[in-house]
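Quick notes on the structure that follows.
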Amino acid sequence: MSSEYKGGGNQLYRQARSREEHHGHMGLSFKAIAVGCVLSVAVSIGALHSTFINASWMALNISVPIALFVFFLFSGIVNVLLGLLHRSLALRRKELAVVFIMLMMAATVPTEGFVLHLIPRIASAFYYASPENDWAETIQPYVKDWIAPQDPLAVRYFFEGLPAGEPIPWAVWIQPLCYWTFFFLVLCFVMVCMMVLLRKQWVEHERLVYPLVKLPLEMIQDNSSFSLIRPFFRNPLMWCGFFVPFTVLSINALHSYYNYIPSLSLGTSIVFGPSVHVPLALSFMTLGFSYFVNLQVLLGIWVFFLLITLQLGVFDLLGIAMQGQVTGFAASDLIPAHEGMGAMIVFVLFILWIARGHLLDTCRKAFLGDSRVDDSVEILSYRTAVFGILIGLVILGICLGMSGMPGRIVPWFLFVVFVLYIGLTRFVAEAGLSTIRTPLHAQPFVTSTVGTSALGDQGLVALGLTYGWILKVRIFAMAACANALKIDAEIGIGGSRRRLFVALAAAPLISLVASTWFLLNQAYRYGGINLNQYFFGSTPEAAFRDVADWLSNPTGINWEGWFYVLVGGVVMSLLLAARQYFLWWPLNALGFPIATTWVAAQIWWSIFLVWLIKGVVLQYGGPKLYQNLQPFFLGLILGNVSAGGIWFLVDGFTGMQGNVLIYF
């Protein structure tokens, strides 16, 4: 019988919530939600401004550094000062948890998550058109007027800035922004619904670690005394860890101001032959989060990365390469990228198969109203979640079809998209990756697997427009929601589950409005190409260069690509089987698809160091020493985030640009 019917975990959870509500310690207070809304605006505008001055990019990765930094300032300083004025003004632990959840969700919207990718991109087909590329004839006729602004002057001024005294042409943006806002909100709702269905399986049944929530949970840990300063901030070992990255990164920041101060390099590489380069990059964020990850997962990541690197070297010596070219933003070398996609598909299907008992119970609750299945502790009922997914996918499919994507391609494209979303969310929950990428982006994978000819001219333009909402998948709502639900499960925020959903949904909506307004305001004031060349220049233009290439060089199905997809799927299946049936098997299969991504080269060395350190600690010091050292590694994360945040504020006041301290 499914554990859904046993109800033990749910009963404890309900009792915890009941006690909180009885004592009036619910986190879902008006005060907490109001603070979360205000700080969500600050996170949205701050995230965009950090890219505009090319400081540390604080909201590009799923570790949401800007949310951690703002939360650190509020919980560690502002909330303490409020408590000194009057204890009733200070937010309690569960209220602080609500604030962080809202900040985390808000941070997924402004930059690579949606706004800064989408808005410049939908206008770029018109701004970057020229007689040489002939986009006016080959691309623009297929861009619907309700999907992108098409007024030549409005588009030009967006990229170059308005003449003095000219008002912002808001009217030309209303229809496209309404369409994309609706699409994005439906997409986010589907992602939240999926996490509602998987929460119990991942949190209670499989007991995944969720390393990215360790720091905020420690920051709000209750006092055993009456001190307003929480135990985490009184731990000297935490501050030892804090000042290591803070000092190193501050020296590098000062180098930007005073070039006679030497910078401290955090990376190098080892070269083996003409084609094999093995980076050795130190990431304090990765060091900190990886300390909480299972040793076998860590081992799998760095071992598989070295094996993939060896494969590339051997293939290069033998002259083995994928024939032809897959256009689009390829995330890594094409052969391991296709292998990684095959592994990712098998991996996602496997974790859904493992969860089949729980998922069948959720369907029984949704379609039959089975009273034995308890969903009272979820932020949405299982019925709402199941029908939300089904209806939401239909709506997304209709929107893609209206934009010009052929109906027969839409299901495959959505399947690929959500395989990436679910797989990457699992990477975050189990492997604690602070920065993530896809093995191969959805669009070039679709053109590889079905051929560009299958989409037609209109379909290829529609596919190019999807780069606005799914590209690198570095930061997105599903992973943030998974972490939010883990926080709720850990501390029992209390109150109505619907109120928690409202708080969780309000933050990205507020962020969407604030960041859209701020982006358009700043672009028309200063000119987008003057704000950031990457987001207003190379990236949006490249999307439609891909479309132009697809149109001028039609291709059929890439059978060689399918072969490597199959190879990756078979290898992943064997690794999963070995993990299931051989207890002695040392490598976690999760490492294989991670190792095929471009970002693996940037994090493998830090992961190897943590694997080595943690292994020694557990071998010779046992669980007690492991526990005692946790504040130091949490301090590494907070020190890294704080250095980036503080120098971002300094750079903002001084006018310094290009002082990037946080990327990975």
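The values are calculated or read from the model by the stated rules, or taken from the named source; none is laboratory data. What you are looking at is a predicted structure, and each value in this text was computed from that prediction instead of being measured. Note: ideal-geometry Cβ built from the backbone for every residue, glycine included; neighbour counts use all protein chains shown. Just the protein is used for accessible areas: all its heavy atoms, side chains included, with ligands, DNA and RNA removed. Shrake-Rupley method; radii C 1.70, N 1.55, O 1.52, S 1.80 Å.
Tell me the residue from T539, T516 that is among the hydroxyl-bearing types (S, T, Y), open to solvent by 10 Å² or more (accessible area, probe 1.4 Å) and in contact (Cβ under 8 Å) with a residue 40 or more places away in the chain, please. Explain how you work it out, then say what you get.
On the way: T539 fails: open to solvent by 10 Å² or more (accessible area, probe 1.4 Å).
After ruling out the rest, the residue left standing is T516.
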Residue match in segment 149-169 (condition: open to solvent by less than 40 Å² (accessible area, probe 1.4 Å) and touching an Asp or Glu at 6+ places or on another chain (Cβ under 8 Å)): yes
Search result, residues across segment 238-288 that are in contact with a Gly (Cβ under 9 Å, 6 or more places away or on another chain) and modelled with pLDDT under 90: F272, G273, S275, V276
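Let's see how each residue does on (1) charged (D, E, K, R); (2) modelled with pLDDT of 95 or more; (3) surrounded by fewer than 21 Cβ atoms within 10 Å (Cβ to Cβ):
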| position | (1), (2), (3) |
| --- | --- |
| G591 | no, yes, no |
| L612 | no, yes, yes |
| V616 | no, yes, yes |
| N628 | no, yes, yes |
| F633 | no, yes, no |
| L636 | no, yes, no |
| G658 | no, no, yes |
Test: residue in segment 185-197 that is free of Cβ contacts under 8 Å to residues at least 60 places away in the same chain and part of a helix (DSSP H, G or I): no
Leading residue by the ranking (nearest to T447 (Cα to Cα)) among those in segment 378-427 that are open to solvent by 10 Å² or more (accessible area, probe 1.4 Å) and among the aromatic types (F, W, Y): W412
Residues located in segment 558-589, provided they are touching a residue at least 12 places away in the same chain (Cβ under 8 Å), open to solvent by less than 50 Å² (accessible area, probe 1.4 Å) and not β-branched (V, I, T): N558, G561, Y564, G568, G569, M572, L575, L576, L587, N588, A589
Cβ pairs under 7 Å, 6+ apart, first in segment 253-271 and farther than 30 Å from L312 by Cα, second at pLDDT 90 or above and in a loop (DSSP other than H, G, I, E, B): L254/I261; H255/I261; H255/P262; H255/S263; S256/M656; Y257/M656
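I need the full set of residues from segment 345-371 which are of a type in the set (V, I, T) and either closer than 13 Å to M572 by Cβ or touching a strand residue (DSSP E or B) at 6+ places or on another chain (Cβ under 6 Å) (or both), in order please. If you could, list the steps in order and put the result at the bottom.
Let us first name the residues in segment 345-371 that are of a type in the set (V, I, T), namely 345-346, 348, 351, 354, 362.
Correct list: I345, V346, V348, I351.
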Any hit, segment 192-205, residues being farther than 30 Å from I395 by Cα and either out of contact with any Gly (no Cβ under 6 Å at 6 or more places or on another chain) or open to solvent by less than 20 Å² (accessible area, probe 1.4 Å) (or both): yes
Count of segment 330-377 residues which are of a type in the set (S, T, N, Q) and open to solvent by less than 10 Å² (accessible area, probe 1.4 Å): 1
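Among residues belonging to segment 330-375 that are of a type in the set (V, I, T) and assigned to a helix (DSSP H, G or I), point out the one that is farthest from the chain's Cα centre (by Cα). Break it down stepwise before answering.
Step one: filter segment 330-375 for residues of a type in the set (V, I, T), giving 335, 345-346, 348, 351, 354, 362, 373.
The next check asks that each one be assigned to a helix (DSSP H, G or I); those that pass are 335, 345-346, 348, 351, 354, 362.
Values: I335: 24, I345: 19, V346: 21, V348: 17, I351: 20, I354: 24, T362: 26 Å.
Of everything passing the filter in segment 330-375, T362 is farthest from the chain's Cα centre (by Cα).
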Odd one out for F126 among (1) in contact with a helix residue (DSSP H, G or I) (Cβ under 6 Å, 6 or more places away or on another chain); (2) open to solvent by 10 Å² or more (accessible area, probe 1.4 Å); (3) part of a loop (DSSP other than H, G, I, E, B): (3)
